[in-house]
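J.: I have a structure here, written as structure tokens, and I will follow up with some questions on it.
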Amino acid sequence: MTTGFTVEQLRAAATDAVRAPSLHNTQPWRFRLRDGGIELSVDPLRRLPVTDPSGWGTRIACGAALFNLRLALAVAGTPATVRLRPYPADPDVVARLVPDLPRRPTPAEQSLSAAIHRRFSNRAPFWPDPVPAEARWRLGEAARAEQCWLELVIGTGAVNALAEVARSAHRVLERDPAYAAERAEWMRAEPSPDGVPTAAGGPPSEPQDLLPQRGFGGRNRAPGRDFEPEPLVAVLGSTGNTAADQVIAGQALQRVLLTATDAGLSVSLISQPIEVPGAREALRLSLGRFGTPQMVMRIGYGQPGTATPRRPVDEVLDLPVVPA
Ligand SMILES: Cc1cc2nc3c(=O)[nH]c(=O)nc-3n(C[C@H](O)[C@H](O)[C@H](O)COP(=O)(O)O)c2cc1C
């Protein structure tokens, strides 16, 4: 294919891209057509200066959106070649996608794409059923296919040690009133196209909980409905930690999340131990892996739930102005 992408292709692919997860559901992305290519940029107005001062979370979210964009284009038979951060002078442009040779999508691409609109962060307790070895292997493969690793934390001692790091990071963050205020700005008791709806927030923390829960004002849990006693906890990591590596990690995160959804699994994200530098370093040392942890996840069999809202796709497209 020598011609570029069209506005229709951009709109269709962006409709899938915006289903990606983002910190507090800020949806910090914009999409445009330029010289026949689709460009994905950070939306500077949707940064979280207190929760995400370095921009790590924004790049993870944009990486996840980029994975959906790639997948949507491939499933439509118009796959793309991707260049990350194509303009050194403009680091807000996360990626540029140009058309590659058209081909039929693979069955694996079709199943992952079908999971895009079913995936959601499930913060409620999961069933205690263990995640089978085959599904665990698939999750690891998903991370490796995107040049990252996924470490499954196995054994009570290792899970308790990670949980302790996560809880102490949570306490550090919660001591900062500006952090709590920023989160409160994105909590939504009424229907809204962004932010975290109360119904998706998960139950408030209780003293017996192993892993910390970011409070989004969810409803109290029913008596006895505690979190699963032996959660499957996984850490996603990348070999480097440059801005481009974080975009790569975001793509790997989304591939892992869609693979989990396709396997009938639920996931919640726990990023407090990534956001606090000392905790991230403790996590890195405890794993003994080469590279940098980019996300902690709790994986299991959850109750059904619904996807959270997104802004209409036209709000995130920068389309050329057609002269009247
Ligand atoms: C970088 C990043 C960090 C996140 N950290 C957390 C977290 O610590 N706790 C949590 O409950 N959700 C976390 N999330 C999930 C978002 O809150 C969630 O993706 C967003 O509200 C949209 O909802 P959805 O995932 O159901 O589509 C994180 C998401 C991203 C991309």
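J.: Restricting attention to the range 140-154, which residues are open to solvent by 40 Å² or more (accessible area, probe 1.4 Å) and not aliphatic (A, V, I, L, M)?
T.: Answer for the range 140-154, where residues must be open to solvent by 40 Å² or more (accessible area, probe 1.4 Å) and not aliphatic (A, V, I, L, M): GLU141, ARG144, GLN147, GLU151.
J.: Right, next: Please go through (1) more than 18 Å from the chain's Cα centre (by Cα); (2) surrounded by 16 or more Cβ atoms within 10 Å (Cβ to Cβ) for ARG103 and return the number of the only condition it doesn't satisfy.
T.: Just one mismatch for ARG103, condition (2).
J.: When you go through PRO304, PRO277 one by one, which is the residue that is without any contact (Cβ under 8 Å) to a residue 12 or more places away in the chain and under 24 Å from PRO91 (Cβ atoms)?
T.: Answer to the selection: PRO277.
J.: Please find, within the range 173-192, the residue that is surrounded by the most Cβ atoms within 10 Å (Cβ to Cβ) out of those that are away from the ligand (no atom under 12 Å from the Cβ) and over 16 Å from THR51 (Cβ atoms).
T.: Among those that are away from the ligand (no atom under 12 Å from the Cβ) and over 16 Å from THR51 (Cβ atoms), it is ALA189.
J.: Among the residues of the range 273-293, write down those that are out of contact with any Asp or Glu (no Cβ under 9 Å at 6 or more places or on another chain) and within 10 Å of the ligand (Cβ to nearest atom).
T.: Correct list: PRO273, ILE274.
J.: If only one of THR242, THR259 is closer than 27 Å to LEU84 by Cα, open to solvent by 20 Å² or more (accessible area, probe 1.4 Å) and modelled with pLDDT of 95 or more, which one is it?
T.: THR242
J.: Pick from the range 40-81 the residues that are part of a strand (DSSP E or B) and open to solvent by less than 50 Å² (accessible area, probe 1.4 Å): which of them is nearest to the ligand (Cβ to nearest atom)?
T.: Once the filter is applied, the top-ranked residue is VAL42.
J.: Okay, next question. Under 7 Å between Cβ atoms, which residue pairs at least 6 apart in sequence (or on different chains) link something in the range 22-33 that is under 17 Å from SER192 (Cα atoms) with a partner that is of a type in the set (Lys, Arg) and near the ligand (Cβ under 9 Å from one of its atoms)?
T.: GLN27/ARG310
J.: Being in a loop (DSSP other than H, G, I, E, B) and either polar (S, T, N, Q) or more than 22 Å from the chain's Cα centre (by Cα) (or both) narrows it down to one of ASP209, ASP194, so name that one.
T.: Only one candidate passes the filter, namely ASP209.
J.: If I go through the range 244-266 residue by residue, how many of them are under 13 Å from ARG119 (Cα atoms) and out of contact with any Ser or Thr (no Cβ under 7 Å at 6 or more places or on another chain)?
T.: Counting residues in the range 244-266 that are under 13 Å from ARG119 (Cα atoms) and out of contact with any Ser or Thr (no Cβ under 7 Å at 6 or more places or on another chain) gives 13.
J.: Show the residue pairs that are 6+ apart or on different chains and have beta-carbon atoms under 6 Å apart, the first residue being within the range 108-128 and more than 12 Å from the ligand (Cβ to nearest atom), the second being part of a strand (DSSP E or B).
T.: PHE126/GLY300; PHE126/TYR301; TRP127/TYR301
J.: Considering only residues that are away from the ligand (no atom under 16 Å from the Cβ), in contact with an Asp or Glu (Cβ under 6 Å, 6 or more places away or on another chain) and open to solvent by less than 20 Å² (accessible area, probe 1.4 Å), which ones fall in the range 1-39?
T.: none
J.: Out of VAL235, VAL267, which single residue is under 20 Å from the mean Cα position of the chain (by Cα), over 16 Å from GLN147 (Cα atoms) and in a strand (DSSP E or B)?
T.: Going through VAL235, VAL267 in turn, the sole match is VAL267.
The values are calculated or read from the model by the stated rules, or taken from the named source; none is laboratory data. What you see is a predicted model, and the numbers here were worked out from it, not measured in a lab. Note that each Cβ is placed from the backbone with ideal geometry, even for glycine, and that neighbours are counted across all protein chains shown. Note: accessible area is taken over every heavy atom of the protein model, side chains too, but ligands, DNA and RNA are not part of it. Shrake-Rupley method; radii C 1.70, N 1.55, O 1.52, S 1.80 Å.
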